[in-house]
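A quick write-up on the structure given underneath.
The values are calculated or read from the model by the stated rules, or taken from the named source; none is laboratory data. This structure is a prediction, so every number in the text was calculated from the model and none was measured. Here the Cβ positions follow ideal geometry from the backbone for every residue, glycine too, while neighbour counts run over all protein chains shown. The area values use the complete protein model at the heavy-atom level, side chains included, leaving out ligands, DNA and RNA. Shrake-Rupley method; radii C 1.70, N 1.55, O 1.52, S 1.80 Å.
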Amino acid sequence: MRTWLTASLGLCAAAASAQQVDSLSFIRSKRMADADLAKKREGLFVTGLPDLSSDPVTGFGVGVKTNIIWNGTRDNPLFAYTPYLMRLRANAAYFTSNAREFTLSLDVPYYQGTRWRYRVDFKAQQNPANLYFGSSEATLGRLRLPSNPDETFATYAAYDAARKTLRPGQAGEAAEVTDALSNRFRETEFMLNLKADYALGKGTWRVMGGYEIQHLAYDTFQGTTAEATRNGEETTAPNGTSLLQRDAQQGRIFGLDGGWVSIIQTALIHDTRDFEPDPTRGVYFEAANEFSSPAIGSQFRFNKLFFQGRAYRKLPVGPRTVLAGRVGAGTIFGKEAPFFEFQDQWSPDGSINALGGRQSLRGYRANRFLARSLAFANAELRIRLADVKLGKQNFGLGVAPFADAGTVRDRWQDLGLRDVRFSYGAGARIAWNLSTMLYADYGVSKEDRLFYFGIGQNF
């Protein structure tokens, strides 16, 4: 009896031990590189720094970015496999364009060692510097003034100078107006997003579900006093009718009145990245969907589908050289889908503004190319030049030459390699305690040359 009991207890202990090991089988593929693991801090710590950023559209920004990060201890089974056990992020910023934003984000990966990951996001923002050049594949053409679409411009500098030139007013406008603000609009947004995902099998696949509610309001600037030039001399004048207002009046776009947007989000994700904030190896793929309908309390009806793939490979050059690539394609269904849903592609890993700007085509202005469907690709060579330790803080210094490409279409069936727009450039990178990435990018296209800096990897 004693022998049987001893054997039984031994089998139970072995089974429990095996179960504990197997319980983390879903995360084994995400083990951090040894060099990165050695630099990972234990316990609870706060990273906070002034948020100094620059974007050609929103202007120079000042604010604060803070992260409260809980990593646990090295003897925690999850320590080598997660970027953190919990992160609370709070950001606030103000820009010279009078844009302002406040965000809160809570992220809990693999909650208490389970397969569940929970995220909560809140955002309140107002941006009077949003750009609008149209909402069809015609935006792939040269820049045009809203008041005179027959005249085109090869560069943004020439276009910007022309739209400030005084012109006679048209129907519904003052006697003499400027188009300085005619491609701009103001957006005011309040958003709450709740989502959770569950790791399948060995953890490289996840399913995600979420719910988002937004309230949006929009203003254009017709009649607003704006910059103007007369015979090369600076002056001011009322702004003419905006392109967005013209398109709304002609039935080309919907949603200018704003309102409540209620969205159900679903996604299938394949993820083998070793360290999410700054991977050295692995792949990331997602198929993401957003569904909005009056049946779930929305004032709009649409369905958005987005596919994205990323790949990372460490090269045998230097201490840390990573080739990173991304491709994405998306479309929106719904005859009266609101124009603002054309402006970004929702991703569980962070939405992507389309098409132009820092997240997609770094040599073009944000929203430069806009249509119902889009496709794009990015490539970066992330080269670590040196690692520096100051007190308890670790800093990795590097550079990242890059190339971007993308296009838009009115129908997803027409997406292809025709009329692709390209940009290229180089950037600097500073990795602060692994999880916080500072960037400075300079992008070049045949239309523009643009500089960006701020926080976070592009992908």
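Overview of values
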quantity	calculated
Residue-span extension gain [residue 234 to residue 152] - 0.36 nm each, minus C-alpha spacing	27.2 nm
Listed residue (361, 456, 111) projecting farthest to the positive dipole end of the chain, Cβ model	111
Prolate/oblate/rounded label for region 232-384 (Cα gyration tensor, a/c 1.5)	oblate
Lysines with Cα under 22 Å of residue 335, excluding same-chain neighbours fewer than 8 positions away	304
Solvent exposure of the chain as accessible area per residue, Å², 1.4 Å probe	45
Proximal lysines relative to residue 389, as straight alpha-carbon distance under 19 Å, when same-chain residues fewer than 8 apart are discounted	39, 40
Whether region 87-159 is rounded, prolate or oblate, judged on the alpha carbon gyration tensor where a/c under 1.5 counts as rounded	prolate
Within region 246-288, backbone nitrogen closer than 12 Å to the virtual label 7 Å beyond the Cα of residue 213 toward Cβ	260-263
Karplus-derived HN-Hα couplings along region 51-68 (A = 6.51, B = -1.76, C = 1.60, θ = phi - 60°), whole Hz, x at Gly and Pro	8, 9, 9, 9, 9, x, 8, 7, x, 7, x, 10, x, 9, 10, 10, 10, 9
Reciprocal of mean inverse Cα separation for the chain (Kirkwood radius, Å)	24.0
Net charge of neighbours whose Cβ lies under 12 Å from the Cβ of residue 132, counting Lys and Arg as +1 and Asp and Glu as -1	+4
Computed Kirkwood radius, in angstrom, where 1/r is averaged over Cα pairs of region 307-459	16.4
Theoretical ellipticity at 222 nm over the chain - DSSP helices of four or more residues, -39500 (n - 2.57) apiece, nearest 500	-2500 deg cm²/dmol
Carbon and sulfur %, accessible surface of region 249-311 computed with the full protein complex present, 1.4 Å	60
Relative contact order (%) - criterion: Cα under 8 Å, at least six apart; region: the chain	12
Gyration tensor verdict on region 167-319 (Cα atoms; rounded if a/c is under 1.5, prolate if a/b is larger than b/c, oblate otherwise)	oblate
Pairs of alpha carbons in region 156-227 whose separation is greater than 19 Å (percent)	60
Distance cut-off 20 Å, percentage of C-alpha pairs in region 100-219 lying past it	64
Using alpha-carbon coordinates, inclination of helix 2-22 to the longest axis of the chain, degrees	20
Value of relative contact order over region 121-219, rounded to a whole percent, pairs C-alpha under 8 Å and six or more apart	31
Relative contact order, percent, region 41-156 [alpha-carbon distance under 8 Å, six or more residues apart]	18
In sequence order, calculated HN-Hα J values of region 142-148 (Karplus, 6.51, -1.76, 1.60; Hz; x Gly/Pro)	5, 5, 9, 6, x, 7, 8
Candidate residues 432, 260: accessible-area rank, largest first, probe 1.4 Å	260, 432
